[in-house]
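This report refers to the structure that appears directly beneath it.
The values are calculated or read from the model by the stated rules, or taken from the named source; none is laboratory data. Note that the structure is predicted; figures quoted are calculated from it, not measured. Here the Cβ positions follow ideal geometry from the backbone for every residue, glycine too, while neighbour counts run over all protein chains shown. For the accessible areas, the whole protein counts, side chains as well, though only heavy atoms, and no ligand, DNA or RNA atoms are used. Shrake-Rupley method; radii C 1.70, N 1.55, O 1.52, S 1.80 Å.
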Amino acid sequence: MQDHFKLSYFSKKKATGIFCNIEYHQFKKCSELSNFLASQEKFVGATHNQTIVSTIINELLENAFKFSSNYIRSIRLSLIKLEDKLIIETINTADSLQAESFKEYIKKFQKNGAEKLFFDNIDFFSKNNPKKSKLGLAALVKDYSCKLKMQLVPNTIVSNIVVKVELPAT
């Protein structure tokens, strides 16, 4: 996996972590990266289910690429294990159209909650455009009871989208 992705590790008293940048041409290998990271004992260990962690990482990467600028198609992924939780975060760059779309998604998420948004999207997108269902983030909260934080950080021409999932230790 080191051949495909540049991974950076860190370890402090109460936290261990891994960071990597993923380029668009590596997108097809995201599921491999997700499985590899979820299998890392020092990050996931006995406190988290590897399949769930892999699913969350993969979903965050897919979401990040979906909302990425066509000109800056690089995703920053971090995985940080604390004593009581696992934090998985993606940061990507979006153009103004994608940023606006993500901003609307955040508003709907906050207004309706994960479960309602999930079922509303199933209904709407099954009739309109099943390839762009926007089910992923809502499904993570609905299915895995994790905390989801979404942030849009506007810049002059582009914006950064930060999505963070906190998964409590089991």
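Which order do Phe65, Phe10 take when ranked by solvent-accessible area (1.4 Å probe, heavy atoms of all protein chains), largest first?
On the way: Phe65 10, Phe10 55 Å².
If we order Phe65, Phe10 from most to least accessible, we get Phe10, Phe65.
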Per-residue SASA entry for Asp143, accessible area with 1.4 Å probe, Å² rounded to 10: 80
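Ranked from highest to lowest mean number of other Cβ atoms within 10 Å per residue, what is the order of the peptides 150-159, 78-87, 48-57?
48-57, 78-87, 150-159
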Amide H partners (placed H, <5 Å) of Leu86, local residues excluded: Leu167, Ala169
For the cross-link pairs Lys111/Lys147; Lys13/Lys149; Lys6/Lys147, which exceed 22 Å when the distance is taken from alpha carbon to alpha carbon? Lys13/Lys149; Lys6/Lys147
